[in-house]
1. For a quick check: with amide H placed at 1.01 Å from N, whose amide H comes under 5 Å from residue 706's, ignoring anything fewer than 5 positions away on the same chain?
2. Could you pull out which residues in region 749-770 have an amide N less than 17 Å from a spot 7 Å beyond the Cα of residue 736, following the Cα-Cβ vector?
3. In straight Cα distance, which aspartates and glutamates are under 16 Å from residue 267, not counting same-chain residues fewer than 8 positions off?
4. Rounded to two decimals, what ratio of Rg to Rh does region 107-226 give with C-alpha atoms and a Kirkwood Rh?
5. Would you mind getting me the FRET efficiency between residue 202 and residue 60? Use the beta-carbon distance for r and R0 = 25 Å, nearest 0.05.
6. Round to a whole number: what % of the accessible area of region 461-553 belongs to carbon and sulfur, probe 1.4 Å?
7. Can you tell me the dipole magnitude for region 248-309 around its Cα centre, using point charges on the Cβ only (Lys, Arg +1; Asp, Glu -1), in Debye to the nearest 20?
8. A 29 angstrom limit on the alpha carbon distance is what I want to check against. Which of 168/760; 251/361; 702/746; 175/746 exceed it?
Amino acid sequence: MEHIAEVTSRDESVFVVSRQSARLQELWSEQPTVAGHPSPVFLEGSLTEGFTFIAESAVTHLLTDGELFGWRRPETRLRARTVAEAPESAYADLQAGDWVVHVDHGVGKFTGIVRRTVDHVERDYLAVEYTDGDQLFVPVYQADRLTRYVGPDSRDPSATRLGGQEWKNDKARAKEAAEQVAVELLSLYARRQVVSGYAFATDTPWQHELEGSFPYVETLDQLRVLREVKRDMEAARPMDRLICGDVGYGKTEVALRAAFKAVMDGKQVAVLVPTTVLAQQHYHTFRDRLAAFPAEVEMLSRFRTPQQQRSILNRLALGKVDIIIGTHRLISGDVQFKDLGLLIIDEEQRFGVTHKETLKKMRTEVDVLTLTATPIPRTLYMALTGVRDISTINTPPEERLPIVTHMGPYSPKIVRQAIVRELERGGQVYFVHNRVQTIESMAMHLRKLVPEARVAIGHGQLDEDTLADRMDRFAAGEFDILLCTTIIESGLDIPNCNTLIVDRADTFGLAQLYQLRGRVGRGAQRAYAYFFRHTKINPTPEGRQRLETIAENTQLGAGFSIAMRDLEIRGAGEILGARQSGYVAAVGFHLYTRLLSDSVRRLRLAEGSMSKGESGDNLQLSNYNLQLSLPVNVDLPLPVGLPPEYIPDQETRLRLYRRIADIRSLTEVEALAEEFNDRFGALPEDTRNLLYLVRLKLLAEKAGLSAVSGEGGQLVLRYPPAPEGAPPRDLSGIPDLSSFGVRKGKNALWMPMTEGWEQKLTAVLETLVM
């Protein structure tokens with residue numbers, strides 16, 4: 001306001017172009033008016049910078065958000081050319097020699113695609129080898145019954161004995177364990193549903209102004225997640241929402257808007273982060289974004305002196321601090337809030353067990369918003385849907401470019417080239433050296449290698465004031481290179497820093513490498529990441545695998561691919577907890593989470609049919625007539641497949657088979673037929689038959705069948721057996737199908753395999769679905 005007042009006092013024309021024009025106009029109206037001095041004209045918009053225009057005796061000033069608030073509109077750049085990628089590239093994770101799990105037969109080793117003639121019909125099969133060299137040939141249209149084995153750790157599993165009782169026992173035990181976990185999850189969820197929390201009011205005008213001042217264009221995903229968060233906050237039960245989004249996809253902005261909404265309703269907000277450096281980063285972000293509003297933001301971490309901490313705690317207890325950002329210090333016993341309404345947790349998995357227990361207790365009392373950059377595998381996501389509220393941000397910001405990634409032995413020549421190139425374009429460099437004992441000698445090496453660069457050292461063993469000062473000065477551009485340990489790993493956001501160099505990268509975990517790479521390329525500039533290994537010491541096989549994975553996955557949104565590879569290298573034990581790791585080892589991660597997802601689904605249906613007097617703790621599965629949602633087994637005497645003369649490359653055929661088996665709707669089948677015709681030419685008979693069987697499988701799933709097969713000149717449509725203790729299945733309610741020659745059995749429907757049976761079978765299934 002002082003800046004605007006200064007130019008208007010000289011009797012000169014003033015135009016203010018701002019994304020917060022309504023807010024500025026309101027503030028200006030509160031200023032005392034001076035006779036003879038014109039009022040500025042406020043316009044809604046966004047310009048890069050203002051100017052002063054002098055024409056004869058008239059002077060016109062144009063002010064923008066750059067002069068008033070210190071931030072600039074992001075510069076646009078030419079759109080990067082998108083590289084077309086085959087839709088089946090997502091199914092490239094299965095190679096010959098990999099361990100796999102078959103739903104019905106257990107753990108074996110995938111040996112490749114083979115072509116076999118069975119009952120005078122030639123088909124492609126996926127070959128799996130079991131104990132004693134026994135082989136199983138899986139029809140390609142049943143590829144969804146086969147998943148890659150992911151265990152609780154990196155050890156190889158032992159193969160199952162084909163045809164033995166061992167697999168059935170393992171699967172039954174895993175199913176029982178999954179049911180127990182589902183009961184626990186749903187009991188917690190049910191208790192949360194009955195607790196009454198605080199219902200926040202709808203958005204205020206200031207909320208709209210804050211959101212209007214965001215200097216970037218929000219992605220559709222960001223807007224959708226924000227709507228979900230606000231809907232939860234405005235409901236009368238405590239929110240417990242998890243936001244999953246790749247590094248740099250805008251989770252912090254969603255959290256900031258939720259925090260401001262809480263403050264506008266007179267509530268306090270706690271933002272819990274894993275590191276002091278990230279606490280400082282969030283502190284500056286929140287302070288800058290909320291500068292125009294009456295919201296008091298403070299930080300509680302080891303960067304504050306004991307005296308400052310006591311003062312902050314006192315003001316927090318009196319309600320004079322609106323938003324407090326800090327590390328686990330925030331959940332200490334001496335921290336008292338006057339009226340806490342929202343808790344935001346960044347990367348909860350990085351906190352210890354005792355901290356998690358405290359957070360678990362808080363979940364039933366206040367609204368909780370959790371942010372994570374570790375994507376959840378799809379199968380686990382499905383299992384948790386309906387138990388935990390999960391939002392995903394999958395879209396990268398519009399101006400984002402993929403990061404150019406280099407991997408190889410340490411080379412001083414390449415390091416110098418990388419640093420000099422970054423300095424020449426006015427940027428800065430992160431150099432990660434994760435050994436405090438030798439970090440000074442590395443600093444000497446860098447100063448000798450690039451004498452023109454200003455080097456700062458940052459690590460967790462420095463005293464608080466020194467570290468805070470160096471981080472602030474680096475963010476302000478006073479240093480060119482930040483030589484540091486992994487303290488920069490979580491959430492650090494310095495848009496001017498676009499080159500990352502990691503020494504001995506083979507010793508880091510895959511998720512760590514991905515998080516580190518996420519520190520660069522956060523603006524419209526092209527970023528570079530260099531992952532170096534030792535020049536003489538060879539990395540471990542796991543270390544080499546991690547480097548290859550990070551180098552392969554450079555596309556935007558690669559977090560999911562990396563999370564799945566990390567799950568394979570590191571194992572699934574950490575995600576599901578140590579208690580479940582034995583069951584995961586027996587049946588593999590994917591089948592276990594499928595069992596868990598099914599248990600949750602059945603429990604929710606059972607819960608809906610329970611009497612009102614029964615509590616969520618008494619949920620039982622035993623008497624509920626709903627079977628495991630495993631794929632339908634379709635086996636009919638038709639030649640099916642993608643012939644080698646139609647698609648010669650075997651790897652492409654394998655990916656396409658897995659993609660076909662994963663189809664979930666009839667419209668996808670039609671679209672795929674068109675795509676095949678466009679990419680590979682007219683469909684041969686085998687491929688038309690393959691897509692026909694996929695249509696049948698989808699219809700059979702909708703009709704509640706477990707198998708459709710040909711047996712002795714008859715077509716058999718089989719229902720799953722009734723659960724133990726449940727009454728026999730009653731097929732009397734099924735529509736009359738006698739016109740198709742269908743007769744009913746105890747647990748199946750039978751029809752003759754006469755001429756034109758393909759069309760008749762489709763018509764029968766469509767009737768059953770209606």
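1. 718, 719
2. Only 764, 767-768 fall inside the zone, counting backbone N under 17 Å.
3. Residue 267 reaches 203, 232, 234, 296, 298, 322, 339, 365, 367.
4. 1.26
5. For R0 = 25 Å, the calculated efficiency reads 0.05.
6. It is 41 percent, rounded to a whole number.
7. Using only the charged Cβ atoms, the result is roughly 100 debye.
8. 168/760
The values are calculated or read from the model by the stated rules, or taken from the named source; none is laboratory data. None of these values were measured; they are calculated from a predicted model. So basically every Cβ, Gly included, is an ideal-geometry build from the backbone, and we count neighbours across all protein chains shown. We work out accessible area using only protein heavy atoms, side chains counted, and drop any ligands, DNA or RNA first. Shrake-Rupley method; radii C 1.70, N 1.55, O 1.52, S 1.80 Å.
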